[in-house]
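Asker: Have a look at this one.
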Amino acid sequence: MPALPYFGTYSRFTAENKSEGGFLLGADCIVGDRFDIEFTTDDEGRTLPWVSNRFGRRVGTIDDPSTVEQLLLCRARKFHISALLVAVYYSDQPKPGNYWGEVAIMAYDDAHASDFDAFRTHVGKKIANGARISVDLGAQGIDQVIESHGSWIPNTRQPKPQLEPGTVMLKDSITLSEKLVEGSRNKNVGCFIGGWAFLIVMAVLVVAVVRSCTGA
């Protein structure tokens, strides 16, 4: 049986330290955004796949050994390898606690890059809105992506992870403020004006609350 031209899976990554949490929660790490996978070698000679945001900032390393093995195989086959941010979590165990997240990883050969680039874009938009689209495609699903030039999306969903006590989900979809930031980055005038309008409304509400509390 010939090797499939695509590999996809959901995987967990862990931040290097607790101080990275603020960055993961910021607008530079938007759910549904494309992230890259970079490979480094540690002091013990092990290859570590790092998850990096689109601005080149490393946010954590892939945890699952079987996923790491598959990624190394994909790299050896010279696949295009990228990921989509799915969710961010915080666990207070083991102490002192740390942040971690999920990514939907997609890797594919050069011959079908344009089809799977389009597929990744469509899936990213769904994930941004909280839909955990399955990316673990079988041979039939891969054929459908190629035949539709990336417009086909599977109906199956990736189940949410079972969270242990002391673990909370911090974000799993794009927020309104992140949409405004993204619109400003894309020089969307409507989003820019909307962003200022949102801030003005919030300021007016704060003033109203203060006045009602003070009787002014």
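Asker: Sort out which residues of the range 28-46 are assigned to a loop (DSSP other than H, G, I, E, B) and either modelled with pLDDT of 90 or more or among the hydroxyl-bearing types (Ser, Thr, Tyr) (or both), and write them in order of number. Show your work before the answer.
Answerer: Taking the range 28-46 and keeping what is assigned to a loop (DSSP other than H, G, I, E, B), we get 28-33, 42-46.
Correct list: Asp28, Cys29, Ile30, Val31, Gly32, Asp33.
Asker: Which of (1) free of Cβ contacts under 8 Å to residues at least 60 places away in the same chain; (2) of a type in the set (Asp, Glu); (3) open to solvent by less than 70 Å² (accessible area, probe 1.4 Å) does Glu147 not meet, given it meets every other one?
Answerer: It is condition (3) that Glu147 fails.
Asker: From the list Ala15, Ala3, exactly one residue is touching a residue at least 60 places away in the same chain (Cβ under 8 Å), farther than 21 Å from Arg120 by Cβ and among the small types (Gly, Ala, Ser). Which is it?
Answerer: Testing whether each residue is touching a residue at least 60 places away in the same chain (Cβ under 8 Å), farther than 21 Å from Arg120 by Cβ and among the small types (Gly, Ala, Ser) leaves just Ala15.
Asker: Quick check on the range 61-73. Is at least one of its residues in contact with a Gly (Cβ under 9 Å, 6 or more places away or on another chain) and assigned to a strand (DSSP E or B)? Give the steps one after another, and end with the answer.
Answerer: Within the range 61-73, the first condition is being in contact with a Gly (Cβ under 9 Å, 6 or more places away or on another chain), and the residues that meet it are none.
Checked the range 61-73: no residue is in contact with a Gly (Cβ under 9 Å, 6 or more places away or on another chain) and assigned to a strand (DSSP E or B).
Asker: Cβ contacts < 6 Å: first residue farther than 14 Å from Pro5 by Cβ, restricted to the range 116-127; second residue in a helix (DSSP H, G or I) and open to solvent by less than 10 Å² (accessible area, probe 1.4 Å), any location; separation 6+ or different chain. Result?
Answerer: Hits for this filter: zero, empty list.
Asker: Kindly evaluate Thr167 against the criterion of being modelled with pLDDT under 95, surrounded by fewer than 17 Cβ atoms within 10 Å (Cβ to Cβ) and within 22 Å of Tyr10 (Cβ to Cβ).
Answerer: no
The values are calculated or read from the model by the stated rules, or taken from the named source; none is laboratory data. All of these numbers come straight from a predicted model, not from anything done at the bench. We place every Cβ from the backbone using ideal geometry, glycine too, and count neighbours over all the protein chains shown. The accessibility values were calculated without ligands, DNA or RNA, using every heavy atom of the protein model including side chains. Shrake-Rupley method; radii C 1.70, N 1.55, O 1.52, S 1.80 Å.
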